[in-house]
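Enquirer: Before I ask anything, let me first share the structure, which is written out below as C-alpha cells.
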Amino acid sequence: TDSDGCLTPESFVKYREAIEAAYPLEFDLLRTGINLLPAMLAKWRCFSVAFDLLAAENTEARGSVPKDQLQLLAYDAGEVLSQELCEWLLLLHFRHNRVMADVREYFKKRNRFAEHQTSRVDPDNRSSLSRDGASALWFSNRPRVVPRVLERSLLAAKYGLVRGMRATTSAVGLVSSAIREVLDRGFLVAAMVARVKAEMGRVACSLEVGDGESADEGFSCKLSLSRMDNPTRSFSQLGLMPGLGSALVIDFLVRPDISDKLVSRAVARLTVFLTEHFNDELERIPAYQTFKVFRWIHEVDEVQIVRVGIMLKSESSLDSVLKKLALGLKCTDLLGELSAGVQISSSLTDLLANTRYKVAEQLSGRVDFSSSIARKLLVSLAEEILYLTEMEESASRVEMEERRHAHRTATRRTKKVAESSKQVNVSLTGYLARLRTRTDADLGSRAARETGFRGLCWSLVHFLRASKATSTEFRFSNLTDLLFGNAWVSSRLPSWLTPHVVAKPGELARMFKSFSSLLRHQLEVHWKRVVIYEKAGRVWLEQEKRAQEERLAKMSKKERAKLVFEEEKRALAEKLAGLGIDVGEEVRPAKEPSDVEYARRMKLTRTLSERAMLETYESCWRALVGVHGIHLQTGVHRFSLAFQGLDIFELLPEPPLTPDPPGRSKKR
C-alpha cells in the first residue's frame, strides 16, 4: 500500500487476479452498467432490441417494421433523424433492394450455379422494413446528418413522449393479462375478494426542506381524487361530448385582456400540431375516440382557459373494466382516497430569473402524500401474480432441463448403436441448445437483476401485509442536505445539477438565461431557413409550371386530352382507394419524380411542417400563460392535478414576428 493506506495500481492488479475466479471483473462491471462489448457490437445489440420491440408492437407487419416508423426505430436505437432524412434513406434502401434483385436475376440466368443466391429481403415490399434489410441500412455508409439543436430536442421530446405512451399501454396490457390469468386459474374468487376488500390501509408521507410552513406563496401543485354523482353531466361540464368512458384534459390559462382572434389562432394551431404529430399514436390507444382543442371557462376558478381533451369510449371506464372481472369490485374498493401536494416558497420567476436568489439558503418547500388503499386485496393479488410468475419460470427451467437430459440420453444411445452396428447413416433429433449471444457473467447479471426486482416486490408485499397505517416524515435543514447529503441521491441527479449551482447566488438564473438566448437564436435561425426555402419553393413551382406548359405545347390536341383523362382517372382511383374500394391495376401509376424533384418536395414538406411548429409556439406564447391543471376522469372518478405558478410561457423568450409566406402579403 501507499502512504495513505490505499492499494497501489500494481497491488490492485494482483488483488484482482487473486479473486478473479470467485468474483469475475466482468460481473462487477456489468453491475455498474459498464458495457464490455465493442462499440459496433453494442450498437448492433441496441438496434436489434429496438427492432424487436417495434416489430412486437406492430403485429400486423408480421416481424417487420412499417416504413413510417423509421424515425421511432432510430430514436430507440439511440439516434435522432429528421423526417426528410428518413424519406431519403427509405428511397435509397428500396432502390438498393430492387437493384440487388435485378443483379441476382441477371446472374441466375447466366450461371446455373447462382441458384443458391437468395435473399430474405422482398424487393417488391415498399411498405415495411425487414430485419435484415433494416440492419443493412442502419450499418451502411448512409449519410449521418445531425439535426440542429432545437430540431433535435423537439424530435427527442416527441418520440420520448411516444415511447412513454406505448410503454404505458403495454404495462396496462401486461397487468390486465396477468390478472386475467390469475382469475382463469381460480387463484382469486369473488368470495375471497368480498372478505378482504373492506380492510383498508392508510399511507402518509411528508418531506420538508427548510421552513416548510412558509412555502405557501410560491409554486404549488396539488393532486386529488373526487367522485362525480353523474358522469355524463361531469363530462358535459368539462366541455366534452356525452357517452364517454374516460377523458384526459389539459388546461392552459389564457392571458388577461387578450383578443379573441389570438386565442382562436392558438386553438387552431394546437389542433393542427396535435393532428400532425400525435394523432396516429393516439389512434393506437385501445378504445380511443377523438381529441378536441377548444376555448372554455374553468368550472371552478371561472377563468378563461384553452382546453385539450383526449376522449376514450365508454368501455375504457375503470369501473367497466373491473366489472368484467366479475369480482364485485369498484374503484373505491381499491383506492379509497388520494391526496398529494408540492409547495415551494419561491415562484419559478425567482428561481429562473432572479440573479441574486440563493437557492441553498432561501428555497424551502414541503411534499405531502396521503392515500387509503385496499391493503389486503392488493396483497392477495400481488402474491398470486408473483407466485404465478415464479411457477411459470420454474416450469420453464424444469422443461428445459428435461429436454437437455433426454437429448444427452438419446445422444449416448445413438452413438452406442452406431458403434455396435457400424451404421453410417444415423440421424439424431431432440433438444438443440439456443445460440449463445451473451456471456455467462452477462446472463448472471441479468438473472441477478430480475431476482433483485422480485425480492423488492416481495418486500413491498410483506410491508403492506404487516402495516395497517403508516406515517413517514423526512426533514432537511436546507436543499443542499437533501440533494448532496446522501451518496445514493446525489448519484441519481442530472450532471448539470452540482453543489455549485445550488450554492452560488443566481447561478440557476444564469443557466436559464443562457438557455433562453440559445432558444431565441435557434428560433431566428429556423425562421431564416423557412423564408429561404419558401422563396426557393416559389421559384421551383414556377419552373415546374413553365416546363409543364412547354410539354403541353408540344403535344397534339388528342395527346393533351388523353393526359387529362389519365390524371382525372388516377385522382378518382386514389379517392376510391381512400374509401377502401379496390380499383385493381387498371390505372396507370404516376411517373416517379426525379431525384431533384423528390428532394425539392421533401424540402417543401419539411418547410411547411417547420413553419407550422414555429407558428404554434408563437401563437401559444402570445395567447397563453402556462399550464393551469390536468384532469383524468374515468367513469365517476376524477383525478385532478392543479398548478399554481406554472407560467412556462412567461419565462420562455418572446418569439419573433411570424413572416408571411411569399405571395400572401400581396393578397392582403
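Enquirer: Looking at (1) modelled with pLDDT under 85; (2) open to solvent by less than 90 Å² (accessible area, probe 1.4 Å); (3) in a helix (DSSP H, G or I), which is the only condition Leu378 fails?
Expert: (1) is the only condition that Leu378 fails.
Enquirer: Helices (runs of 4 or more DSSP H) wholly in the range 198-296 with at least 1 residues that are within 19 Å of Phe649 (Cα to Cα) - which ones?
Expert: Here the list reads 260-277.
Enquirer: Something else about it: So if I check each of Gly210, Gly239, Gly186, Gly245, which one is surrounded by 19 or more Cβ atoms within 10 Å (Cβ to Cβ), farther than 22 Å from Glu281 by Cβ and out of contact with any His (no Cβ under 9 Å at 6 or more places or on another chain)?
Expert: None of the other options fit; the residue is Gly210.
Enquirer: Let me ask another. On the basis of being farther than 30 Å from Ile250 by Cβ and open to solvent by less than 50 Å² (accessible area, probe 1.4 Å), does Ala198 make the cut?
Expert: The answer is no for Ala198.
Enquirer: Hey, among Phe107, Phe94, which residue is farther than 30 Å from Phe453 by Cβ, open to solvent by 80 Å² or more (accessible area, probe 1.4 Å) and in a helix (DSSP H, G or I)?
Expert: Phe107
Enquirer: Continuing with this model, one more query. All but one of (1) in a helix (DSSP H, G or I); (2) open to solvent by less than 90 Å² (accessible area, probe 1.4 Å); (3) in contact (Cβ under 8 Å) with a residue 24 or more places away in the chain hold for Arg538; which doesn't?
Expert: Unmet condition: (2).
Enquirer: Taking the range 16-48 only, how many residues are closer than 25 Å to Ala74 by Cβ, in a helix (DSSP H, G or I) and not polar (S, T, N, Q)?
Expert: Total satisfying the criteria: 9.
Enquirer: OK, next. If I filter the range 60-79 for residues that are charged (D, E, K, R), open to solvent by less than 30 Å² (accessible area, probe 1.4 Å) and over 18 Å from the mean Cα position of the chain (by Cα), do I get at least one hit?
Expert: For the range 60-79, residues charged (D, E, K, R), open to solvent by less than 30 Å² (accessible area, probe 1.4 Å) and over 18 Å from the mean Cα position of the chain (by Cα): absent.
Enquirer: When you scan the range 478-495, do you find a residue that is touching a residue at least 40 places away in the same chain (Cβ under 8 Å), open to solvent by less than 80 Å² (accessible area, probe 1.4 Å) and in contact with a Lys or Arg (Cβ under 8 Å, 6 or more places away or on another chain), even just one?
Expert: Scanning the range 478-495 turns up no residue that is touching a residue at least 40 places away in the same chain (Cβ under 8 Å), open to solvent by less than 80 Å² (accessible area, probe 1.4 Å) and in contact with a Lys or Arg (Cβ under 8 Å, 6 or more places away or on another chain).
Enquirer: Can you name the number of the only condition in (1) outside any helix (DSSP H, G or I); (2) under 32 Å from the mean Cα position of the chain (by Cα) that Pro505 fails?
Expert: All conditions pass for Pro505, except number (2).
Enquirer: Could you run through the range 80-91 and say how many residues are assigned to a helix (DSSP H, G or I) and open to solvent by less than 40 Å² (accessible area, probe 1.4 Å)?
Expert: Qualifying residue count, the range 80-91: 6.
Enquirer: Another question about this same structure. Which one of these does Ala22 not meet: (1) within 20 Å of the chain's Cα centre (by Cα); (2) closer than 17 Å to Leu443 by Cα?
Expert: Among (1) within 20 Å of the chain's Cα centre (by Cα); (2) closer than 17 Å to Leu443 by Cα, Ala22 violates only (1).
Enquirer: Being in a loop (DSSP other than H, G, I, E, B) and open to solvent by 80 Å² or more (accessible area, probe 1.4 Å) is the filter; apply it to the range 1-15 and report the residue that is farthest from Thr169 (Cα to Cα).
Expert: The residue in question is Ser3.
Enquirer: Going by what's in this entry, would Leu318 be described as open to solvent by 60 Å² or more (accessible area, probe 1.4 Å) and within 28 Å of the chain's Cα centre (by Cα)?
Expert: So Leu318 passes the test.
Enquirer: Taking Tyr23 as meeting all but one of (1) open to solvent by 30 Å² or more (accessible area, probe 1.4 Å); (2) aromatic (Phe, Trp, Tyr); (3) touching a residue at least 60 places away in the same chain (Cβ under 8 Å), write down the number of the exception.
Expert: (3)
Enquirer: State the number of residues belonging to the range 487-515 that are farther than 19 Å from Val209 by Cβ and of a type in the set (S, T, N, Q).
Expert: Residues that pass the stated criteria total 3.
Enquirer: Do the conditions hold for Glu361, that is, is it touching a residue at least 24 places away in the same chain (Cβ under 8 Å), under 30 Å from Met200 (Cα atoms) and surrounded by fewer than 20 Cβ atoms within 10 Å (Cβ to Cβ)?
Expert: So Glu361 fails the test.
Enquirer: Same structure again: Would you say Arg131 is at pLDDT 85 or above, farther than 16 Å from Tyr75 by Cα, of a type in the set (Lys, Arg) and open to solvent by 40 Å² or more (accessible area, probe 1.4 Å)?
Expert: yes
Enquirer: Oh, and also: Filter the range 141-173 for residues that are under 21 Å from Ala326 (Cβ atoms) and of a type in the set (A, V, I, L, M) and give the result.
Expert: Within the range 141-173, Val172 is the sole residue that qualifies.
Enquirer: Please go through the range 287-315 and pick out each residue that is open to solvent by 70 Å² or more (accessible area, probe 1.4 Å) and over 30 Å from Ala194 (Cα atoms).
Expert: Gln289, Lys292, Arg295, Trp296, Ile297, Val300, Asp301, Glu302, Gln304
Enquirer: For the condition under 23 Å from Arg45 (Cβ atoms), surrounded by 15 or more Cβ atoms within 10 Å (Cβ to Cβ) and at pLDDT 85 or above, what is the one hit in Val121, Val162?
Expert: So the residue among Val121, Val162 that is under 23 Å from Arg45 (Cβ atoms), surrounded by 15 or more Cβ atoms within 10 Å (Cβ to Cβ) and at pLDDT 85 or above is Val162.
Enquirer: Please count how many residues of the range 590-626 are closer than 30 Å to Ala642 by Cα, hydrophobic (A, V, I, L, M, F, W, C) and open to solvent by 30 Å² or more (accessible area, probe 1.4 Å).
Expert: Within the range 590-626, residues that are closer than 30 Å to Ala642 by Cα, hydrophobic (A, V, I, L, M, F, W, C) and open to solvent by 30 Å² or more (accessible area, probe 1.4 Å) number 2.
Enquirer: Now, a different point. When the range 601-644 is examined, which residues are found to be touching a residue at least 12 places away in the same chain (Cβ under 8 Å), part of a helix (DSSP H, G or I) and among the basic types (Lys, Arg)?
Expert: Lys603, Arg606, Arg611, Arg622 - these are the residues of the range 601-644 that are touching a residue at least 12 places away in the same chain (Cβ under 8 Å), part of a helix (DSSP H, G or I) and among the basic types (Lys, Arg).
Enquirer: Write out, first by first residue and then by second, each pair whose Cβ atoms fall under 8 Å of each other, whose residues are 6+ apart or on separate chains, and whose first residue, in the range 255-280, is closer than 14 Å to Val306 by Cβ and open to solvent by 60 Å² or more (accessible area, probe 1.4 Å) while the second is not acidic (Asp, Glu) and not in a helix (DSSP H, G or I).
Expert: Ser264/Arg295
Enquirer: Something else now. List the pairs whose first member sits in the range 339-358 and is surrounded by fewer than 19 Cβ atoms within 10 Å (Cβ to Cβ), whose second member is of a type in the set (Gly, Ala, Ser) and in a strand (DSSP E or B), and whose Cβ atoms are under 6 Å apart, counting only residues at least 6 apart or on separate chains?
Expert: Ser339/Ser224; Ser339/Ser370
The values are calculated or read from the model by the stated rules, or taken from the named source; none is laboratory data. This one's a predicted model, so the numbers in the text were calculated from it and none came from an experiment. Here the Cβ is made from the backbone with ideal geometry for all residues, glycine too, and neighbour counts use every protein chain on show. The accessibility values were calculated without ligands, DNA or RNA, using every heavy atom of the protein model including side chains. Shrake-Rupley method; radii C 1.70, N 1.55, O 1.52, S 1.80 Å.
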